[in-house]
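*Asks:* Quick one: the structure is below, questions incoming.
The values are calculated or read from the model by the stated rules, or taken from the named source; none is laboratory data. Because the structure is predicted, anything quoted here is derived from the model rather than measured. As a convention, Cβ positions derive from the backbone with ideal geometry for all residues, glycine included, and neighbour counts pool all protein chains shown.
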């Protein structure tokens with residue numbers, strides 16, 4: 001229950017939100033978890049990350065990465081984990 005007390009949310013755009021729980025940020029597209037960034041800057045994406053052009057647009061905004069090509073390079077290099 002304490003975790004819920006440390007939670008807040010902000011909107012990136014219609015149906016695209018960031019949820020903050022303690023030191024972790026989560027990106028949601030509609031009601032689907034897409035990505036998280038922990039307090040060390042480690043990025044984890046779910047397998048749903050590449051579901052639409054709009055989700056990718058807001059994912060890049062959440063990650064502060066200028067485009068999906070860069071995200072894909074970071075995935076390939078292992079800097080971003082996909083689970």
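*Asks:* In region 36-58, which residue that is out of contact with any helix residue (DSSP H, G or I) (no Cβ under 8 Å at 6 or more places or on another chain) and assigned to a helix (DSSP H, G or I) is surrounded by the fewest Cβ atoms within 10 Å (Cβ to Cβ)?
*Replies:* The extreme case among them is 53.
*Asks:* Could you check how many residues of region 26-38 are at pLDDT 95 or above and over 15 Å from residue 60 (Cα atoms)?
*Replies:* 1
*Asks:* So for region 59-73 (the condition being in a strand (DSSP E or B), touching a helix residue (DSSP H, G or I) at 6+ places or on another chain (Cβ under 7 Å) and more than 17 Å from residue 15 (Cα to Cα)), does at least one residue qualify?
*Replies:* No: zero hits.
*Asks:* What pairs come up if the first residue lies in region 28-55 and is on the phi > 0 side of the Ramachandran plot, the second is part of a loop (DSSP other than H, G, I, E, B) and at pLDDT below 95, and their beta carbons are under 8 Å apart, counting only those six or more places apart or on different chains?
*Replies:* Hits for this filter: 30/15.
*Asks:* With the requirement that a residue be at negative phi and in a loop (DSSP other than H, G, I, E, B), what does region 74-83 give you? It would help to see each step written out before you state the result.
*Replies:* Filtering region 74-83 down to residues at negative phi leaves 74-77, 79-83.
Of everything in region 74-83, those that are at negative phi and in a loop (DSSP other than H, G, I, E, B) turn out to be 79, 83.
*Asks:* Just for region 1-27: of the residues that are in contact (Cβ under 8 Å) with a residue 40 or more places away in the chain and surrounded by 15 or more Cβ atoms within 10 Å (Cβ to Cβ), which one is farthest from residue 67 (Cα to Cα)?
*Replies:* Restricting to residues being in contact (Cβ under 8 Å) with a residue 40 or more places away in the chain and surrounded by 15 or more Cβ atoms within 10 Å (Cβ to Cβ), the top hit is 18.
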